[in-house]
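Asker: Have a look at the structure that comes next, please.
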Amino acid sequence: MSELTYSGNEIQLVVFKLGREEYGVTILQVQEIKRITEITRVPHSPDYIKGVMNLRGSVLPVIDLKKRLNLPPEEYTDDTRIIIIKVEDINVGMIVDAVSEVTTIDQNNIEPPQTVVGGIAADYLSGIGKLENRLLILLNADAILGIGQEVKAS
Amino acid sequence: MDINQYMGMFLEESREHLQALNSCLLDLENDPGNLTVLDEIFRSAHTIKGMSATMGFTTIAELTHEMENVLDLLRKGTLRANDDITDILFKCVDTLEQLVESVASNSDTAIEIKPLIAKLTAIAKGELPSVAEQHSAQTATTQETEASSGEPSDLDDMEINVVTAARKQGLECYEVQVSLRLGCLLKSARAYMVMNALEELGEVIKSVPTVEELEKENFDNTFQVSIVTSADAENIEAAVLSISEIEKVDVVPVIIPEITEKSAAVADIQAEKPIVSNLDNKVAIDKPAKQAASEHNDKKHKSGQSVRVDIDKLDSLLNLVGELVINKTRLEQIGLTHRLADLIETMEQMDRVTTDLQAVVMKVRMVPVGQVFNRFPRMVRDLSRELNKEINLIIQGEETELDRTVIDEIGDPLVHLLRNSIDHGIEHPAERQAKGKNPVGEVRLIARHEGNNVIIMVEDDGKGINADIIKQKAVDKGMITQAEADKLEPAEAVRLVFLAGFSTADTVTDVSGRGVGMDAVKTKIEELGGMVDVETKIDEGSRFKIRLPLTLAIIQALLVKVSEEIYAIPLGSIDSTINITSQDIKTIQNQEAILLRGQIIPIVRLAKVLNVSNTCQQNQEELFVVIVHIGENRAGIIVDTLIGQQEIVIKSMGKLLAGIKAIAGATILGNGQVALILDVGALKQ
């Protein structure tokens, strides 16, 4: 029964993998998901910027999400994807190890990140979602892109 | 109604009309009696009023409404434009500009319009010096007013006859003055309803403005209708007031001036079918007005043939065309590798189409530079008044087209240059006369094509720039040493004005002289991929010459390779490419340099600057050097290989990667790969 009722508190997430961990980003920010393509390195850019890619004629920055979250790097596989998200008019790609599904989660099942993880990475998270026996780490896309970081620094 | 979706359109159109107001007012200042100009001013003010009222910006509507009152008097000839009036009108336009900009920026800074409105009403009441002229002006222009103006009881002979005849039949003739509520939308519809209501009561014999004008909404909030009816004044008033959005109705019987025997007699004859015959005559009377109206219509029709398009849409169109070109190249590749003759043939045709398509899209983005120039006459006028100088601004080549992106950016540098010419260049009239020059200074703003570039020049016939003073200033400010200054050629010394923090004005004025001008101009122009230079002759004047690329979107570039990475260097900044051996590189205080035709040129290793790993440069015997110029200086860039010259479409890398050192942008190569465009200016550091 409870699965059928729509509470209005639910959010839809695109679930993807980084190493063995499962992450989620709200579907409203996701523009599309692409296979890995050629990425041009941009000199003098922050280290978490993998480079730029060609998305149907426009040039798009690509973030190495693992580097951003201080996770160990891995070789790209057939499952590696680029999730293209749009935050405040900025389009950006994020490299992830695999995209697994789209799922719905009730907001009551989301815990604030500070209670679970500490350190720098906590800033990039907006919460931890509990989904049956799984834990989804919810990304704070704004922070990943560095939006509003100047505010934080001052 | 959600007005936000119309916001962009409102702002753009308002700015256009304000621009039109500015230039027309300038014309009016020179030719106060020009009715066409007045009409144009009136139309612009009227449109702004209508738009702002619809959008709910009452302050703008209120101010334009008051302006209209004055303009109307000017148009009718009851008032004659003089300096005071144009000044106030100019101030109104300025205030309107501020109001529109405050709407654009969503700020709610209160802008005071009351004093202006007070002045306008004073003018409208004739409380300004111009009153003295009023009478003579009125007589001079009665001819014009007769046909179109709406003085009460201003009936011509025919109409008078109708009225007299009607009275004989026991009918009464009233003049109905209808005021629509301020901010009434669809005024023409209301007017139509009023006319309908009146026609039910009797025969409408005249309306001011004419019915056509009413239909076109070419009227203020009030109009007058003369009606022959058996109903009495109260009935008429009630009938009109039953229509919504009517502010006020005044019904007064028409007073007929002394009727001569003759016209009374004529009236008698016509009494049987007075109205019909009158209508025929009325058509004839209205003809000139109609003609004017149809001319106006033609104009409207012409402007209706262009379409306003969001620049973003054009950008995405350009993107799509770029993508098409890339895919075409891929198809060609496939045709070649699989030896498909048919495909290759088809691709050749497609190549032509895409090339044309690209050209057309580029052309669509071009905008005449006049869009920027047309705000300068006003600025020059204000400046010359402020500085008590007489200046004649000559604009040439305003039809020269430039890419939209350049147009948007070029305004500020030009303002700087013009201000500079007027403030520092042109002397005061007395001084000019003493030098035997025309007391009226001349500033020329010239645009023209030159190959793949557009040249914009700001020339003045002022005092020129004294190289010695410039040198002295630069030394005083510690920008160069005395020894350096002594070595400088005059032409080069003059270029010192482009250095940051340089200002030659002895007194800092409001206009210029704060020392931020010229270097800002130079930086901006260089950002646009252009160059600026100056020539000057003492007491003859100076000329600032800006050279801009036709477009910022597509440039010629040299593709070079460093290790596996491909970079594009804009051809505009390349002097030449040379081959050297590693022995040719000398070091001067740890800075690598080569000697080229007697000139020492510092060397930049691209791999090092861009942190490219595993380059083959170190052990390579023969090196490729691209000689580039950065302003007046030159530098050599060492690359691994040269790929070749190519037309590239410049793409922005987005906000996230804006301001990355040494990279000006990105482009997409034929194989779909992204290549970065080098910012040559930032390399040499």
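Asker: Extending each Cα 7 Å along its Cβ direction at B:E622 and B:N392, get the distance between those two points in nm, one decimal.
Answerer: The modelled label-to-label distance comes out at 6.2 nm.
Asker: Roughly how crowded by other chains is peptide A:59-65, in terms of the mean Cβ count from those chains within 10 Å of each of its Cβ atoms?
Answerer: For peptide A:59-65, the averaged partner shielding equals 4.
Asker: Please compute, for peptide A:36-43, the average count of beta-carbon atoms on other protein chains lying within 10 Å of each residue's beta-carbon.
Answerer: 6
Asker: Can you put A:D123, B:D356 in order, fewest other beta carbons within 10 Å first?
Answerer: Going from least to most buried by this count: B:D356, A:D123.
Asker: How big is the gap, in Å, between the Cα center of segment A:20-89 and the Cα center of segment B:407-425?
Answerer: Taking the Cα centre of each part, segment A:20-89 and segment B:407-425 sit 44 Å apart.
Asker: Using a ≥ b ≥ c from the Cα gyration tensor of segment A:10-146 (square roots of the eigenvalues), is it rounded, prolate or oblate, where a/c under 1.5 gives rounded and otherwise the larger of a/b and b/c decides, a/b for prolate?
Answerer: prolate
Asker: Let me make sure I get this right: for segment B:297-395, a, b and c are the square roots of the gyration tensor eigenvalues over alpha carbons, sorted descending. Under 1.5 in a/c it's rounded, otherwise prolate if a/b > b/c, else oblate. Which is it?
Answerer: prolate
Asker: Just need the relative contact order of segment B:554-683 here, percent rounded to a whole number, with Cα pairs under 8 Å and 6+ apart.
Answerer: RCO, segment B:554-683: 31 percent.
Asker: Please report the net charge: other residues with Cβ closer than 11 Å to the Cβ of B:K363, K and R +1, D and E -1.
Answerer: Net charge around B:K363: -2.
Asker: Quote to one decimal, in nm, the extra length available between A:R134 and A:E10 on full extension: 0.36 nm per residue of separation minus the C-alpha distance between them.
Answerer: Between A:R134 and A:E10, full extension yields an extra 43.0 nm.
Asker: Take B:K187, B:K545, B:K471 and order them by how many other Cβ atoms sit within 10 Å, fewest up front.
Answerer: B:K545, B:K187, B:K471
Asker: Ranked from highest to lowest mean number of other Cβ atoms within 10 Å per residue, what is the order of the peptides B:189-202, B:41-54, A:77-90?
Answerer: Ranked from most to least packed, the peptides come out as B:41-54, B:189-202, A:77-90.
Asker: Turning to a different aspect of this structure: Arranged from highest to lowest average of other beta-carbon atoms within 10 Å per residue, in what order do the peptides B:480-489, B:656-665 appear?
Answerer: Those peptides, ordered most packed to least, come out B:656-665, B:480-489.
Asker: If you don't mind, another one. Estimate the FRET efficiency between B:H338 and B:T54 by the formula 1/(1 + (r/R0)^6), using the beta-carbon distance for r and 51 Å for R0, to the nearest 0.05.
Answerer: About 0.25, to the nearest 0.05.
Asker: Which order do peptides B:439-447, B:569-577, B:421-429 fall in by mean Cβ count within 10 Å, highest first?
Answerer: Ranked from most to least packed, the peptides come out as B:421-429, B:439-447, B:569-577.
Asker: Could I ask something else about it? Which value in nm describes the separation of the simple spin-label points at B:Q645 and B:V364, placed 7 Å from the Cα toward the beta carbon?
Answerer: That separation, rounded to one decimal, is 2.9 nm.
Asker: Give the calculated FRET efficiency between B:L186 and A:Q107 to the nearest 0.05, with a Förster radius of 45 Å applied to their Cβ-Cβ distance.
Answerer: 0.40
Asker: Go through A:K17/B:K651; B:K437/B:K537; A:K86/B:K561; B:K91/B:K125; B:K389/B:K473; B:K125/B:K248 and tell me which ones have a Cα-Cα distance over 24 Å in this structure.
Answerer: Result: A:K17/B:K651; A:K86/B:K561; B:K389/B:K473 exceed 24 Å.
Asker: Can you compute the label reach from B:D83? Point 7 Å from Cα along the Cβ direction, backbone N cut-off under 15 Å, restricted to segment B:381-403.
Answerer: B:381-391, by backbone N distance to the label point.
Asker: Name the shape class, rounded, prolate or oblate, that the alpha-carbon gyration tensor gives for segment B:584-684, where a ≥ b ≥ c are the square roots of its eigenvalues, rounded holds for a/c under 1.5, and otherwise prolate holds if a/b is larger than b/c and oblate otherwise.
Answerer: prolate
Asker: Along segment A:34-51, what does the Karplus equation 6.51 cos²θ - 1.76 cosθ + 1.60 (θ = phi - 60°) give for ³J(HN,Hα), rounded to whole Hz, x for Gly and Pro?
Answerer: Once rounded to whole Hz, the list reads 10, 5, 5, 10, 5, 10, 8, 5, 10, x, 6, 8, x, 5, 7, 7, 5, x.
Asker: For B:E345 and B:D94 in the same chain, what is the full-extension length gain: residue separation times 0.36 nm, less their Cα-Cα distance, in nm?
Answerer: Here the segment from B:E345 to B:D94 would lengthen by 84.3 nm.
Asker: Per-residue Cβ counts within 10 Å, from other chains only, averaged over A:75-81: what number is that?
Answerer: 0
Asker: Pop the C-beta distance of A:R56 and B:D312 into the FRET formula with R0 = 25 Å and round what comes out to the nearest 0.05.
Answerer: 0.95
Asker: Collect residues whose amide H, placed 1.01 Å from N in the peptide plane, falls under 5 Å from the amide H of B:E592; neighbours closer than 5 in sequence don't count.
Answerer: When sequence neighbours closer than 5 places are left aside, the close amide H contacts are B:I603.
Asker: Got a sec? How would B:F10, B:F544 order by Cβ neighbour count within 10 Å, fewest to most?
Answerer: By the 10 Å Cβ count, ascending, the order reads B:F10, B:F544.
Asker: Quick one: which of B:K477/B:K586; A:K34/B:K363; A:K34/B:K661 span more than 32 angstrom between C-alpha atoms?
Answerer: B:K477/B:K586; A:K34/B:K363
Only the coordinates and a few stated rules stand behind these numbers; no lab work does. From a predicted model like this one, the values you see are computed outputs, not experimental measurements. We place every Cβ from the backbone using ideal geometry, glycine too, and count neighbours over all the protein chains shown.
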